[in-house]
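The values are calculated or read from the model by the stated rules, or taken from the named source; none is laboratory data. This is a predicted model, so every value here is computed, not measured. Cβ placement follows ideal geometry from the backbone for every residue including glycine, while neighbour counts extend to all protein chains displayed.
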Amino acid sequence: MTTEADSTGTLLARGLPRWVWLIGLGVMLSLGLVLFFFLMQATDRWESYARYLPVLFTLNIASALLLLAAIVSIVWRLGLRWRQGRFGSQLLLKLAFIFTLVGFLPGLLIYSVSYQFVSRSIEAWFDVKVEGALDAGLNLGRATFDTLAQDLGTKTNGAALQLSDLSDTQAGIALDRIRNQLGAQDVVLWTLSGTPLGSAGQSRFVINPERPSQAALRQARNLGVWTRIEGLEENASGSARVRALALVPSGRIDSIIEPRILQVTLELPPTLVDNALLVQQANREYQERALARTSLRQMYIGTLTLSLFLSVFAAVLLAVVLGNQLARPLLLLVSGVREVAAGDLGPKPVMWGQNELDGLTRAFAEMTRQLADARNTVERSMEQANLARANLQTILDNLTAGVIVLDAQGLIVSCNPGATRILRVPLAAHEGRALADIGGLSDFGHQVKRQFETLAIEHRDTGIDHWQQSFDLPISTGQVRAAPSVEANDTLTLLARGAILPNLAWLLVFDDISEIVSAQRAQAWGEVARRLAHEIKNPLTPIQLSAERLAMKLETKLAEPERAVLDKSVRTIVDQVDAMKRLVNEFRDYARLPQAELSALDLNALVRDLLQLYLSENQTAPVRLQLDAAAPAILGDAQQLRQVIHNLLQNALDACEGQDQPEVTVLTQFNPNSQRVRLIVRDTGTGFNEAILKRAFEPYVTTKPKGTGLGLAVVKKIADEHRARLELKNLEVNGQVAGAQVSLSFQTVASNDKG
């Protein structure tokens, strides 16, 4: 474990110093770059490098041989290392082989294609057909120009014959006619000595027109006609033209005058001239490059060969360098991994170098130490967790309440025996299924899932971490069978509480409160019956009518003091009878509340309509209205909700009596996340004490001297019919009760359709 593999310098420099290899590598790389630069330059300006092509080729070959020798040396040393069985030799060989393939195969492919391309391209440049085509083009151009010159000479000679019998003055006048006949640009009549006698065309506007050479004039005199093509030279300025000179014969035998020469100048077509020049230039460049084609091909091929060897050398060298850098720390890592795999998490040796792989050995040793500590911690935690799980399971098994754990999709994960006992369904056999899929628990399952989905939204908006709701389950059908003490066609009342666990699972805790509800209901009904039996002995209407009739009969027969006593007594009787009638009516409304008929209802419009009755000046407190215009329609029974709003407003107004700044506020709020509309009635009254606050919705619980305690009970019953959430709380300012608030949260039509 403590031995280290040979370094890269040891492998490369065995027998030679490391700096020799580094210098050699730098020289070869520099030479390769210089050769590449010369190649690119020679491609565009080969004329300047033509004499250096053999030297560049020799340098290419020498560089390639040096690289080949270096590659062979590295490969030989790798093989020797592998035969000695040194650690990392196989890795080095694999890396060398892989990098060689990566560098050599694509390079070989490119080299082969480039070699064929260069060879065939250079040979194609100097193809025999190309050379023959260039010669034919040159000959064709010369023949064309000769034909034009010959034709102009013939026409000029004919024109000279026309001037033979004319004098100098007459001949000068006839030059315009001759220029038009020949289509020439310029016509000049010269003497043999070079004196102009007349001109037509461009020379007419020149004081001293361009004079032909004496040699040309003599040839024209001796031969009769002389022609020449001018402007085809590369350094020639202006357009190309054909110039013809013809001797004008004398028509008079005795005339002793100096011989005259007719000059005609005709410009050549520009297209013909340009093509001729291009063919001439191409032929010249072709002949120049043909002389250096062998050297140029050797230059290209030698550079390509150098590139191939350079890529292979770089690949092998890179493999050796990386292999040696990896071998040393990998030796420790491999041994350490084997020990960890065998379960040994003891201290591991490390390397203290500055590179990342040496740091990896230190990180591996630190990780091994942390794993050992973590394993010990996990073992202790597992022991504690097993103990806690056993304790928790014992507690859950002995709880009278039912506990069900659901996943985020509402599927049963686990349950306790209490849940099976209360629901009378073997829930353990239904793990992995939803509550809604179990016979007899469909409605219960859907409602629970809806409650948890709403809780998730409200937890994000308001921070509420739980919900509590009572449920009524039919026990005459399905798998939920009635207990012997419960009559058929009755319901099972559950008080359920839900919360979201840290792992996003759902925790449902519930208990059977059917007996408690039944006892409370029986107690309430017994109390009502007791009061009715105690307070209502005779029919109320005959009492009221008899008292009123007695007052009518005696008021005219009694004196003023007696009449006052009679009126007061009759009024007392009538008021008490009305109070008892009101008690009976409220009891009837509570006991015989019809089932709600839910339909789409505009809560804002209903509130606005009802508040017209409470906006008069005779009210004990002003009523302020704040309606959310964005609130959608809810599911509700208009008649029952009217009764709810009446009860809440009347309770709020009664609570504000005697206050310094009485005020009642009615609000509607729409929560787009939960898709629910809240109705809030807020007052600045005395609020509720703690005892009343906990039992406010029970029958006959009231703080009013004249109240019956059935108002909020009716509100609670109507809220349950509407599946609305009913909340009651005191409002505090600086720690002091400053009023009360009652809120109902209703489902919207849209959310009910989705549900």
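Overview of values
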{"read-out": "All positions within segment 189-206 that are among the aliphatic types (A, V, I, L, M) and surrounded by fewer than 15 Cβ atoms within 10 Å (Cβ to Cβ)", "value": "V206"}
{"read-out": "Out of E366, E339, E379, E356, sole residue that is farther than 30 Å from S89 by Cβ and acidic (D, E)", "value": "E379"}
{"read-out": "Residue that is surrounded by the most Cβ atoms within 10 Å (Cβ to Cβ), among those in segment 353-365 that are modelled with pLDDT of 80 or more and more than 38 Å from the chain's Cα centre (by Cα)", "value": "T361"}
{"read-out": "Near pairs, Cβ below 6 angstrom, 6+ apart or cross-chain, from segment 494-511 (basic (K, R)) to any residue that is not in a loop (DSSP other than H, G, I, E, B)", "value": "R497/Q468; R497/V509"}
{"read-out": "Residue among R51, R86, R77 that is basic (K, R), in a helix (DSSP H, G or I) and either modelled with pLDDT under 70 or crowded, with 20+ Cβ neighbours inside 10 Å (or both)", "value": "R51"}
{"read-out": "Check on S199, under 22 Å from E258 (Cα atoms), assigned by TED's automatic domain parsing to the domain that holds L272 and in a strand (DSSP E or B)", "value": "yes"}
{"read-out": "Residue among G418, G410 that alone is over 30 Å from N752 (Cβ atoms), crowded, with 17+ Cβ neighbours inside 10 Å and at pLDDT 80 or above", "value": "G418"}
{"read-out": "Selection within segment 155-175 - more than 21 Å from R221 (Cα to Cα) and touching a Lys or Arg at 6+ places or on another chain (Cβ under 9 Å)", "value": "none"}
{"read-out": "Segment 671-690: number of residues that are more than 18 Å from A738 (Cα to Cα) and surrounded by fewer than 20 Cβ atoms within 10 Å (Cβ to Cβ)", "value": "4"}
{"read-out": "Selected residue (only one of E698, E732, E727 is out of contact with any Ser or Thr (no Cβ under 6 Å at 6 or more places or on another chain) and at pLDDT 80 or above)", "value": "E732"}
{"read-out": "Complete set of residues in segment 572-623 that are modelled with pLDDT under 80, within 24 Å of Q661 (Cβ to Cβ) and surrounded by 17 or more Cβ atoms within 10 Å (Cβ to Cβ)", "value": "Y614"}
{"read-out": "Scan of segment 337-352 for residues that are assigned to a helix (DSSP H, G or I) and modelled with pLDDT under 80, ordered by number", "value": "R338"}
{"read-out": "Residue tally, condition at pLDDT 65 or above and either farther than 22 Å from E285 by Cα or in a strand (DSSP E or B) (or both), over segment 228-246", "value": "11"}
{"read-out": "Residue among L92, L68, L105 that is assigned to a helix (DSSP H, G or I), under 52 Å from the mean Cα position of the chain (by Cα), closer than 29 Å to V27 by Cα and at pLDDT 75 or above", "value": "L105"}
{"read-out": "Test: residue in segment 469-479 that is part of a strand (DSSP E or B), surrounded by fewer than 15 Cβ atoms within 10 Å (Cβ to Cβ), at pLDDT 50 or above and in the same structural domain as D437 (by TED's automatic domain parsing)", "value": "yes"}
{"read-out": "L223 being under 16 Å from T156 (Cα atoms) and free of Cβ contacts under 8 Å to residues at least 24 places away in the same chain", "value": "yes"}
{"read-out": "Test: N391 is of a type outside the set (A, V, I, L, M), farther than 21 Å from A456 by Cα and surrounded by 15 or more Cβ atoms within 10 Å (Cβ to Cβ)", "value": "no"}
{"read-out": "Qualifying positions in segment 382-415 - part of a loop (DSSP other than H, G, I, E, B), over 20 Å from Q451 (Cβ atoms) and free of Cβ contacts under 8 Å to residues at least 60 places away in the same chain", "value": "L399"}
{"read-out": "Number of positions in segment 626-659 that are buried (at least 17 other Cβ atoms within 10 Å of the Cβ), aliphatic (A, V, I, L, M) and in a helix (DSSP H, G or I)", "value": "8"}
